[in-house]
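I have placed the structure first, in the form of structure tokens, so that the comments after it can refer back to it.
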Amino acid sequence: MRAEKKLISEEYLNRLQSSPFFIVAEYHGLKVSQFNELRNRLRGVNSEIHVVKNNIFREAAKEIGIELEDLSGQLAVVTGETDVPAAAKVLKNFQSEFEKPNFRFGYVDSERYEADDLSKLADLPPLDVLRGQLLGTLQAPARNLARLLNEPASRMARVLQAKADQG
């Protein structure tokens, strides 16, 4: 492998190793201004998109233990720090506006996701909302128990107040 290709392969490998996920999308037909807009939107969710050379990317993926046989066409790879649904949502919303890029497949922690799976992942609420929902679910029994334990005392206080008001 030539020195330039080796540097590019190392760059791809570093991105794949530092990200818990990657999403492969076909970007054919996007204008440069649209691609830059997509980059800006992904930056907002701590993700980035890079155009890749298929053969070199295949070799980088092989080094992290992922065999990619179906790389063809003009592909870009989205990587990020943590929130996979947020990156997928940006791609899906962008696709609904400009009809591109198209999901091909993705990997989250070495598990392959097809285009339909990524679309479903994009429909999930953001991570903060999911945490809030989980916290609300966990707090509900404790809140109900506190209300239940407090109810006899509240009834007694209302009865005493009613007696005091009568005379």
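The values are calculated or read from the model by the stated rules, or taken from the named source; none is laboratory data. Note that the coordinates shown come from a computational prediction; the quantities given were computed from them, not determined experimentally. Positions of Cβ are generated from backbone atoms using ideal geometry, with glycine treated the same way; all protein chains shown enter the neighbour counts.
A few comments on the model shown:
- Only residues that are out of contact with any Ser or Thr (no Cβ under 7 Å at 6 or more places or on another chain), outside any helix (DSSP H, G or I) and on the phi < 0 side of the Ramachandran plot were counted in region 22-45, giving 10.
- Conditions (1) in contact with an Asp or Glu (Cβ under 6 Å, 6 or more places away or on another chain); (2) surrounded by fewer than 16 Cβ atoms within 10 Å (Cβ to Cβ); number of the one not met by Phe105: (2)
- Candidates in region 46-57 are the residues that are under 23 Å from the mean Cα position of the chain (by Cα) and outside any loop (DSSP other than H, G, I, E, B); of these, the one that is farthest from Ile8 (Cα to Cα) is Ser47.
- Put simply, of Leu130, Leu91, Leu118 the only residue that is over 22 Å from Asp70 (Cα atoms) and either surrounded by 10 or more Cβ atoms within 10 Å (Cβ to Cβ) or over 20 Å from the mean Cα position of the chain (by Cα) (or both) is Leu130.
- Restricting Glu4, Glu99 to those that are under 18 Å from Ser119 (Cα atoms) and exposed (fewer than 13 other Cβ atoms within 10 Å of the Cβ) reduces the list to Glu99.
- Residues that are of a type outside the set (A, V, I, L, M, F, W, C) and in contact with a helix residue (DSSP H, G or I) (Cβ under 8 Å, 6 or more places away or on another chain), drawn from region 47-61: Ser47, Glu48, His50, Lys53, Glu59
- Summed over region 7-57, residues that are crowded, with 18+ Cβ neighbours inside 10 Å and acidic (Asp, Glu) total 0.
- Scanning region 92-101 for residues that are touching a helix residue (DSSP H, G or I) at 6+ places or on another chain (Cβ under 7 Å) and either at pLDDT 85 or above or more than 16 Å from Phe35 (Cα to Cα) (or both) turns up Lys92, Phe94.
- Qualifying residue in region 28-48 (condition: touching a residue at least 24 places away in the same chain (Cβ under 8 Å), more than 20 Å from Lys120 (Cβ to Cβ) and touching a Lys or Arg at 6+ places or on another chain (Cβ under 6 Å)): yes
- Of the residues making up region 114-166, those that are acidic (Asp, Glu) and within 30 Å of Gln95 (Cα to Cα) are Glu114, Asp116, Asp117, Asp123, Asp128.
- Flag for Ala60 being touching a residue at least 12 places away in the same chain (Cβ under 8 Å), over 18 Å from Leu91 (Cβ atoms) and surrounded by 20 or more Cβ atoms within 10 Å (Cβ to Cβ): yes
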